[in-house]
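These notes concern the structure reproduced below.
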Amino acid sequence: MNGLYATMTVQNPYLDEASQPIRFWANKYKTKFNEDPTVFSVYGYNIIDIFAKAAQKAGTNLTTDSFIKVMDTMTIPPDMFGSAQGSYSPTKRLGSDAYVDFLRQQMEVALPVPSFPQYDQIGRVLQQAVVEVLSGDDTPEEAAERAAGALTR
C-alpha cells in the first residue's frame, strides 16, 4: 500500500455472518426493512443508538446545550460491529482515538510522488507566471505564453 486508499470502521453485517450477534441483528434488519443491511445501516443504527443514550442522560428537558454537555462526557464502548471506543470533550469532537491515530499515521507516510522528472521545473515556471500576473508585469495570456515557451525548450 502506497498511501491511504480507504478506511472502514465497522464490519459489514452479512446475513450469514459467523458472529451470532451480528447475524441476529442483520436478520432482524432484513425482516423489518425487506432488504439486506449494509455498513450504512450500521452507521445509522449506531448514530441513533448514541443519540438516544445521550438524550436519555440529558433528561426530560432536552436542549441543544444539555445534549452537548452529555456528549462531552460520554464514553461509547466498542460495539459488536467493530467500532472502536469513542469519547468526546469540548475540545475533542472526532470520537475514536484509534481511528484518528490511524488516519494521522497514514497521512504522515502518504507523500505525493511526482510521476515525471520535470515536476519541480513546471512548479517553478507556473509560480513565476502567477507572480508576473499578480504584480502586473504580464497579462494572463502573456504569462501563459512565456510559461509554455519555458517548458517546451
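When only Cα pairs below 8 angstrom with a gap of at least 6 residues are kept, segment 20-109 shows a relative contact order of 16 percent. Structure note, pairs K32/K57; K28/K53; K28/K92: Cα-Cα distances above 23 angstrom occur for K32/K57; K28/K92. Semi-axes of the equivalent ellipsoid for segment 20-109, computed as √(5λ) from the eigenvalues of its C-alpha gyration tensor and ordered from largest down, come to 25, 22, 10 Å.
Annotation: peptides 73-80, 131-138, ranked by per-residue average of other Cβ atoms within 10 Å with the highest first, follow the order 73-80, 131-138. How long is the gain from F40 to T64 if the chain were fully straight, where each residue apart is worth 0.36 nm and the alpha carbon distance is subtracted? So the chain would gain 6.1 nm between F40 and T64.
Quick note: the coordinates plus some simple rules give every number you see, no bench work behind them. Please read these numbers as outputs of a predicted model, since none were measured by experiment. Because the Cβ atoms are built from the backbone with ideal geometry, glycine has one as well, and the counts that use them run over all protein chains shown.
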